[in-house]
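**Student:** Structure in structure tokens, see below.
The values are calculated or read from the model by the stated rules, or taken from the named source; none is laboratory data. This one's a predicted model, so the numbers in the text were calculated from it and none came from an experiment. All Cβ positions, even for glycine, are placed from backbone atoms using ideal geometry, and neighbour counts span all protein chains on display.
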Amino acid sequence: MTEEPCQCSDCQRFYKEHDRLIREFPTFKQQQELNWASIQSFRTLCSKVTNELQRQLSERESNEDIGLEEKHITDIEITETLDELESVNAYLYSIEALMERVFDTKISKNIELKFKEIASELAPDPLNMDRLMLNRLFHQTPDSPDKKNIN
């Protein structure tokens, strides 16, 4: 019994992004670089938000006269978020340490070709002419569930 993939919108969005990343970065080296850049951009963004929230909290503590209408984010929310972001940054540092080990791995050009071959099998190009023709034929089938009989 094979399990069908989830059809919810979040999962469908994930599957599309997953396939796009395989299509656009089909080699081992490209996947290494992509993952490294992703981790670094996530760390950069989290660090900047952390710094901004710390600055904002510090300013609020020094300016007790800020009215409630000026507080879009509560002090408690900022404090809780800062705690969470510290954990996230610790996790990202751990992932970065693991990724450094992945970067120590070198793959030959012949194996990189195998990565490309398998990538095209895992995530075929949705705009490939053969696939477009097959989709067009499927949608012209009169007994297709998404077609209504028009007489």
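**Student:** Could you please let me know if residue 105 is out of contact with any strand residue (DSSP E or B) (no Cβ under 6 Å at 6 or more places or on another chain), loosely packed, with under 10 Cβ neighbours inside 10 Å, of a type in the set (Ser, Thr, Tyr) and in contact (Cβ under 8 Å) with a residue 12 or more places away in the chain?
**Tutor:** Values: out of contact with any strand residue (DSSP E or B) (no Cβ under 6 Å at 6 or more places or on another chain): yes; loosely packed, with under 10 Cβ neighbours inside 10 Å: yes; of a type in the set (Ser, Thr, Tyr): yes; in contact (Cβ under 8 Å) with a residue 12 or more places away in the chain: yes.
So residue 105 fits the description; yes.
**Student:** Give all pairs with beta carbons closer than 7 Å in which a residue from the range 22-45 that is closer than 19 Å to residue 87 by Cα meets a residue that is part of a helix (DSSP H, G or I) and of a type in the set (S, T, N, Q); count only pairs at least 6 apart in sequence or on separate chains.
**Tutor:** 43/89
**Student:** Would you please name the residue that is surrounded by the most Cβ atoms within 10 Å (Cβ to Cβ), looking only at residues in the range 1-60 that are of a type in the set (Ser, Thr, Tyr) and part of a helix (DSSP H, G or I)?
**Tutor:** My answer is 50.
**Student:** On the given criteria, is residue 76 part of a helix (DSSP H, G or I) and either at pLDDT below 95 or exposed (fewer than 12 other Cβ atoms within 10 Å of the Cβ) (or both)?
**Tutor:** Criteria met by residue 76.
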